Protein chains: 4
Amino acid sequence: MRVTVWNENRHEQKNPLVAEIYPQGIHTTIASFLQEAGMQVGTATLDEPEHGLTDEVLVATDVLVWWGHIAHEEVSDEIVKKVQQRVLDGMGLIVLHSGHFSKIFKELMGTSCDLKWREAGEKERLWVLDPSHPIADGIGEYIELEQEEMYGEHFDIPVPDELVFMSWFQGGEVFRSGCTYKRGNGKIFYFRPGHETYPTYHNKEIQRVITNGVKWAAPTERNRPVYGNAKPLEKL
Amino acid sequence: MRVTVWNENRHEQKNPLVAEIYPQGIHTTIASFLQEAGMQVGTATLDEPEHGLTDEVLVATDVLVWWGHIAHEEVSDEIVKKVQQRVLDGMGLIVLHSGHFSKIFKELMGTSCDLKWREAGEKERLWVLDPSHPIADGIGEYIELEQEEMYGEHFDIPVPDELVFMSWFQGGEVFRSGCTYKRGNGKIFYFRPGHETYPTYHNKEIQRVITNGVKWAAPTERNRPVYGNAKPLEKL
Amino acid sequence: MRVTVWNENRHEQKNPLVAEIYPQGIHTTIASFLQEAGMQVGTATLDEPEHGLTDEVLVATDVLVWWGHIAHEEVSDEIVKKVQQRVLDGMGLIVLHSGHFSKIFKELMGTSCDLKWREAGEKERLWVLDPSHPIADGIGEYIELEQEEMYGEHFDIPVPDELVFMSWFQGGEVFRSGCTYKRGNGKIFYFRPGHETYPTYHNKEIQRVITNGVKWAAPTERNRPVYGNAKPLEKL
Amino acid sequence: MRVTVWNENRHEQKNPLVAEIYPQGIHTTIASFLQEAGMQVGTATLDEPEHGLTDEVLVATDVLVWWGHIAHEEVSDEIVKKVQQRVLDGMGLIVLHSGHFSKIFKELMGTSCDLKWREAGEKERLWVLDPSHPIADGIGEYIELEQEEMYGEHFDIPVPDELVFMSWFQGGEVFRSGCTYKRGNGKIFYFRPGHETYPTYHNKEIQRVITNGVKWAAPTERNRPVYGNAKPLEKL
């Protein structure tokens, strides 16, 4: 399992609070716990050439993890098209938190991916709706986060293929926090938590869910189907 | 119920066989049977200014029917964006046959929308998989078409929200022929049959399915949800 | 549209608080607002012969509404089998609140249908997740109920075909409050609110949802498919 | 991974043709290829005490494979209830071919599970609809079986959570041949092929699908959720 963790890596440079929580960037924290789970993990960030997502990197990536927030528009359309093609070809994609508004997620969903939000450091409780799902493996009935940004419904996404987590927020909202999709030969998992000013990716349960998600999104051993003009398989 | 039937209207100008089957264009044939079903129907075609889809037309359309084939690339990106926004705002969309490769469908799906195909005038039998679905109202166990173009799996679409019809083809293939999706406040129905060189849209059962589909895709009476920054509904 | 509203009608006889809120029984309240919506509505209760669900009543019912709580076990297995058969034959079924534990719902679901619960008169907020669904027609972003019984996840049901509402509860739980299913030719809508000690069925928005649900669950005009031994449609 | 393969084992005793294809019973053939895939496999048959499904066997089974046909009614209701409970508690269940009419499958589905059928030794072609699904791992675009019993739509099941295979039959029918469901903590995979008079379970691709299915249905490491009366998690 070869994983690439992509991070915008801007808040960490600008905001001392974020730099304190993630001194080497959110990507490094995520890469670390995936490595501990036995995966082969690389990282890539926005300001590297080609955002660190060269053809060589992409073709050698089984699952790509994506964190972005304030610089979605700086991601080049060409790279987005390449990532989309790799997903259709079978690469898994884990979209985290504010990645809901990333070009790649919106491109794959076809909707606005908009939502309600509020930064008030309130409590979030993620309930497991799908107890037999491998992404919920090892997780109790819910995960509690003392402080998180609120994301609230309506979340303007296609109906998820599977709905693994549903969040309760102290301020009165709910949110589809763990959603799976299939696109072409690829699997996609959207997972809500992870605002940059809270230590969410240091939480062991959150790490477990992301690790489970990466395993779940691993490519199936299959070629892309053959498309285009086809000879009959039976006599006409 | 205000319906707009959009047609590329190119084959009808170039191919005498198509002109014979649809002397006034595929759009006129479709508009006629929808009108007979009591709907208020207009038409729009590629070569009209703004492809006939001005802001005035779009805002006054409850459900848009789409037929295109050889000129998908001539549809302007700006119009496609407007149609997509109208769907998210609640307008229904019926995508017919080769419209699987239209810009608007691909944009809303996020996948290649590719498939296998063959023009051999073979038999197609559309089986009803979802007997309680309103789109199957009044239809028997299957619809048989003596001659159609073959579309075969794998069809590279997101998993449909609902799968109403599955086609059997004489040459050995199957195809998800009737698929529903929701995007934003809008409903989408993809319906496979309708190659331009066969009289498919004169078939009464096919007409019934399209009419049912338009009714099903009618907008729900709701405003778009409110997105963006939100105050708490409960004390924090 | 011919509707039958079935009610256990026991709390109303025993608990003065319930009798005060629903002097003629929950069934009469529900029947009234459905009648005002133009439907032809009858009622049936547990203590009538055959629980009021004779063959004549069942065959003349397009949609059956079900409310039960403390006497699920008193419903005869024979009647349950007849109701199940009618659903498979196309009758719509609306299961309300504590009906989650009714024999008919468990029989149609195949699971325990268990959940968490608490009677504490707390606030419930039902968020619309599926804005284009006809059951959400005319409803705002959410419905707020000042006092309700809490039902919490995990709700042990099959994955709903459609998830229309998700509840937030003051005490920290979430719940899939509006779920649709198809079984045979029939449509099923489970709707959570309606504890007998709160005036929930007098709430105009709740009435609107139930009315929408009944319309949505109306039978499609179709015979049951033909099952059993079948001659080939093509030469072998 | 501990697997139990259950077989009615009646055709093998009565029909020399079946005995020739499966000299030690269908269960032994299936157990063999699962063992070769590295699983720990036991078998159980109808005529053993408790049908071979004692509490000890069930509790030590991660995934149960089920083949039955002419003796569904001889399976005791008590054992069926125990198997259902084990599925809700997390055991995987693979239902093969004529098992569509088994008590356990009907109980878990809530529908008639009826279908069209024909024994004419015709060709079946199973198309992969869900290319990223682990159950399709290592399988090409379709599996071709020269001779099989026909099963045709409408198949009276709940809408599958996932639809992995769709069959084309020479005689003109289609069928949802690979369907997944979740019930409680358990996963279910229905796989169509396997009429007793054809050597279907000797086919390497069919073996691969069943092996994939067993792996997919493995229990997630989780306790059953807590149900019943619940104290609030937040102050009321």
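Where a number appears in this text, it was derived from the coordinates with a stated rule and is not lab data. Just so it is clear, the model here is predicted, and its values are computed rather than measured. Virtual Cβ from ideal backbone geometry, glycine too; neighbours counted across all protein chains shown.
Ordered by residue, what ³J(HN,Hα) values in Hz, to whole numbers, does the range B:185-198 give under the Karplus form 6.51 cos²θ - 1.76 cosθ + 1.60, where θ = phi - 60° and Gly and Pro are x?
8, x, 10, 10, 10, 9, 10, 5, x, x, 5, 5, 8, 10
Under a crude label model (7 Å from the Cα following the beta-carbon direction), how far is B:Thr197 from C:Lys204 in nanometres?
Those two pseudo-labels are separated by 6.0 nm.
What angle do you read, to the nearest 10 degrees and between 0 and 90, between the alpha-carbon axis of helix A:77-88 and the longest principal axis of chain A?
Helix A:77-88 sits at roughly 70 degrees to that axis.
Under the definition of Cα pairs under 8 Å and six or more residues apart, what whole-number percent is the relative contact order of the range A:111-186?
Value for the range A:111-186: 36 percent.
Tally the DSSP beta bridges in chain C and give the antiparallel ones as a percent, rounded to 5.
Looking only at bridges with both residues in chain C, the antiparallel portion is about 55 percent.
With point charges of +1 on the Cβ of Lys and Arg and -1 on the Cβ of Asp and Glu, referenced to the Cα centre of the range A:1-157, which listed residue (A:Gly90, A:Gly68, A:His27) lies farthest in the positive direction of the dipole?
Most positive-ward Cα: A:Gly90.
Quick check on chain D: helices-only [θ] at 222 nm, where DSSP H runs of length 4 and up contribute -39,500 (n - 2.57) each and the sum goes over total residues. Nearest 500, please.
It comes out at -6500 deg cm²/dmol, rounded to the nearest 500.
State, as an integer percentage, the relative contact order of the range C:95-236 based on alpha-carbon contacts under 8 Å between residues 6 or more apart.
Relative contact order for the range C:95-236 comes out at 24 percent.
Using all C-alpha to C-alpha distances in the range B:164-236, build P(r) with 5 Å bins and read off the rounded percent in each one.
3, 11, 16, 18, 14, 9, 8, 6, 5, 4, 3, 2, 1
With +1 on each Lys and Arg Cβ and -1 on each Asp and Glu Cβ, how big is the dipole of the range A:124-236 about its Cα centre, in debye rounded to the nearest 20?
That gives the range A:124-236 a dipole magnitude of about 960 debye.
Counting only the backbone N, which residues of the range A:1-15 are under 19 Å from the spot 7 Å out from the Cα of A:Asp47 toward its beta-carbon?
A:5-15
Please compute the net charge surrounding D:Leu64, taking Lys and Arg as +1 and Asp and Glu as -1 over other residues with Cβ under 15 Å from its Cβ.
0
In whole Å, what are the Cα extents of the range D:128-208 along the three principal axes, biggest one first?
Taking max minus min along each principal axis of the Cα atoms, the range D:128-208 gives 36, 29, 23 Å.
Give the shape of the range B:196-236 as rounded, prolate or oblate, defined through the alpha-carbon gyration tensor: a ≥ b ≥ c are the square roots of its eigenvalues, a/c under 1.5 means rounded, and otherwise the shape is prolate if a/b is larger than b/c and oblate if not.
Cα axes put the range B:196-236 in the prolate bin.
In nm, to one decimal, how far is the modelled label at D:Arg2 from the one at B:Gln40, with both set 7 Å along Cα→Cβ?
Going by the 7 Å Cα→Cβ label model, 6.9 nm.
Quick one: net charge around C:Asn229, please, counting Lys, Arg +1 and Asp, Glu -1 for every other residue with C-beta under 9 Å from its C-beta.
Around C:Asn229, the charge tally is +2.
Using only Cα atoms, tell me the angle between helix B:26-36 and the longest principal axis of chain B; keep it within 0 to 90° and round to the nearest 10.
For B:26-36 against chain B, the angle is about 70 degrees.
Can you tell me the Rg and Dmax of the range A:105-153, counting just the alpha carbons, in angstroms?
According to the Cα coordinates of the range A:105-153, Rg and Dmax are 13.9, 33 Å.
Kindly flag which residue pairs out of A:Lys123/A:Lys187; A:Lys82/A:Lys187; A:Lys215/B:Lys187 have an alpha-carbon separation exceeding 22 Å in this structure.
Listed pairs above 22 Å: A:Lys123/A:Lys187; A:Lys215/B:Lys187.
Please list the three semi-axes, largest first and in whole Å, of the ellipsoid equivalent to the range D:1-106, using sqrt of 5 times the eigenvalues of its alpha carbon gyration tensor.
Calculated on Cα positions only, the semi-axes equal 21, 17, 11 Å.
Applying the Karplus parametrisation 6.51 cos²θ - 1.76 cosθ + 1.60 with θ = phi - 60° to the phi angles of the range B:222-236, what ³J(HN,Hα) value in whole Hz is obtained for each residue in order, glycine and proline being reported as x?
The phi angles translate into 8, 6, 4, x, 7, 10, x, 4, 9, 6, x, 8, 10, 5, 9 Hz.
With 10 angstrom as the radius, rank D:Asp161, B:Asp55 by how many other C-beta atoms surround their C-beta, starting from the fewest.
Fewest-to-most ranking of D:Asp161, B:Asp55: B:Asp55, D:Asp161.
Please list the non-local residues whose amide H lies under 5 Å from the amide H of B:Lys187, H modeled 1.01 Å from N, same-chain partners needing a gap of 5 or more.
Long-range HN contacts for B:Lys187: B:Gly92, B:Leu93.
How big is the dipole moment of the protein assembly as shown about its Cα centre under a simple scheme where the beta carbon of each Lys and Arg is +1, that of each Asp and Glu is -1, and everything else is neutral? Debye, nearest 20, please.
0 debye
Along the charge dipole of the range A:158-236, Cβ charges K/R +1 and D/E -1, which of A:Phe189, A:Val164, A:His202 sits furthest on the positive end?
The one lying farthest along the dipole's positive direction is A:Phe189.
Looking at the square roots a ≥ b ≥ c of the eigenvalues of the Cα gyration tensor of the protein assembly as shown, which shape do they give, rounded for a/c under 1.5, prolate if a/b is larger than b/c, or oblate?
It is rounded, given that a/c, with a ≥ b ≥ c, falls under 1.5.
Summing +1 for each Lys or Arg and -1 for each Asp or Glu, what net charge is found among the other residues whose Cβ lies under 15 Å from the Cβ of B:Val3?
+2
State whether chain A is rounded, prolate or oblate according to the following rule on the C-alpha gyration tensor (a ≥ b ≥ c being the square roots of its eigenvalues): a/c under 1.5 gives rounded; otherwise a/b larger than b/c gives prolate, and the remaining case gives oblate.
Prolate shape, in that a/c is at least 1.5 and a/b is the bigger ratio.
Going by alpha carbons, how many degrees (0 to 90, nearest 10) lie between the helix axis of C:204-216 and the longest principal axis of chain C?
Between the helix axis and the principal axis of chain C, the angle is about 0 degrees.
Describe numerically, in nm with one decimal, the distance between label points set 7 Å from Cα along Cα→Cβ at A:Asp89 and at B:Glu56.
4.9 nm
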